[in-house]
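The structure appears below as structure tokens.
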Amino acid sequence: MKVSIITATYNSAKTLRDTIESILNQTYDNIEYIIVDGGSKDNTLDIVKEYEPKFNGRLKWISEKDNGIYDAMNKGIGLASGEVVGILNSDDFFTDNNVLSDIIDCFEKHNVDSLFANLYFVKQDDTSKIVRVWKGSPYKENGFKKGWHPSHPTFYVKNEIYKKYGVFDLNFDVSADFELMLRFIEKYKISTYYLDRFTVKMRYGGESTGSISKIIIGNKNILRAFKKNGIKVSFFYPIIRLVPKVLEFIKK
């Protein structure tokens, strides 16, 4: 089973090597790696070109202006030929060399549409220091309405699901990943599997965790996501989600 891994980049030279190395070192080798660059001005593309020969034809990349990270991800999904598609951001990396092997093993054994796992948030300048843990749990019906959702960097989906139910909605800014998972899992009821192991280390301060303003925008968009997908939810839902995140932000 081929897996396509997509990395969106823009001036990502500082962290990209960790991302690429973690893919290159995977024990599972039926990998298609797709890098979608937004026209970086630093040496991001020099790093991509440096690593390209090491993938022996399994790496393809494009560099052109885009409309943000989710637009870049959509381009990557459009290029993907793997049966399973995953996204590894340019400041994230796998926890160990057996992540993809374990993920694909679960897809093959359980014959599911999607899979998600656990996530470590780590310090920007010292990735050995864990600052927050996202411990998942199996999906239960109406879970999203109760505040549950998967960690998107650990979310893997069969390519056919994207073709059937669409890609990221660019109208949702920093929370397009939430809307997509809500649409797939809660609205269309795709099958899921929870892999109870840590698969990704994510540098704290990314697209949706970097500031209180982004957190607030994201929570507003969540209400819109429920409305778009015809799912009724309490008006106070985003407030319930927002309070612990703000407290955590202040603490950090």
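Report whether or not VAL167 is farther than 24 Å from SER22 by Cβ and modelled with pLDDT of 90 or more. Judged against the criteria, VAL167 is a match.
Just a yes or no: is a residue in region 92-106 part of a helix (DSSP H, G or I), surrounded by 18 or more Cβ atoms within 10 Å (Cβ to Cβ), of a type in the set (Phe, Trp, Tyr) and out of contact with any Gly (no Cβ under 6 Å at 6 or more places or on another chain)? Among the residues of region 92-106, not one is part of a helix (DSSP H, G or I), surrounded by 18 or more Cβ atoms within 10 Å (Cβ to Cβ), of a type in the set (Phe, Trp, Tyr) and out of contact with any Gly (no Cβ under 6 Å at 6 or more places or on another chain), which makes the answer no.
Quick check on region 198-206. Is at least one of its residues charged (D, E, K, R) and either under 16 Å from the mean Cα position of the chain (by Cα) or at pLDDT below 95 (or both)? Yes, that holds for at least one residue. Considered as a group, the residues in region 3-31 that are touching a Ser or Thr at 6+ places or on another chain (Cβ under 8 Å) and either loosely packed, with under 15 Cβ neighbours inside 10 Å or of a type in the set (Asp, Glu) (or both) include one that is nearest to ASN74 (Cα to Cα), and that residue is ASP18.
Might you let me know whether region 45-66 holds any residue that is of a type in the set (S, T, N, Q) and within 14 Å of the chain's Cα centre (by Cα)?
no
Take the conditions hydrophobic (A, V, I, L, M, F, W, C), closer than 25 Å to TYR165 by Cβ and in contact with a Ser or Thr (Cβ under 7 Å, 6 or more places away or on another chain) and apply them to LEU88. Does it pass? So LEU88 passes the test. Scanning region 119-142 for residues that are aromatic (Phe, Trp, Tyr) and on the phi > 0 side of the Ramachandran plot gives no hits.
The values are calculated or read from the model by the stated rules, or taken from the named source; none is laboratory data. What you see is a predicted model; the values in this text were computed from it and never measured. Virtual Cβ from ideal backbone geometry, glycine too; neighbours counted across all protein chains shown.
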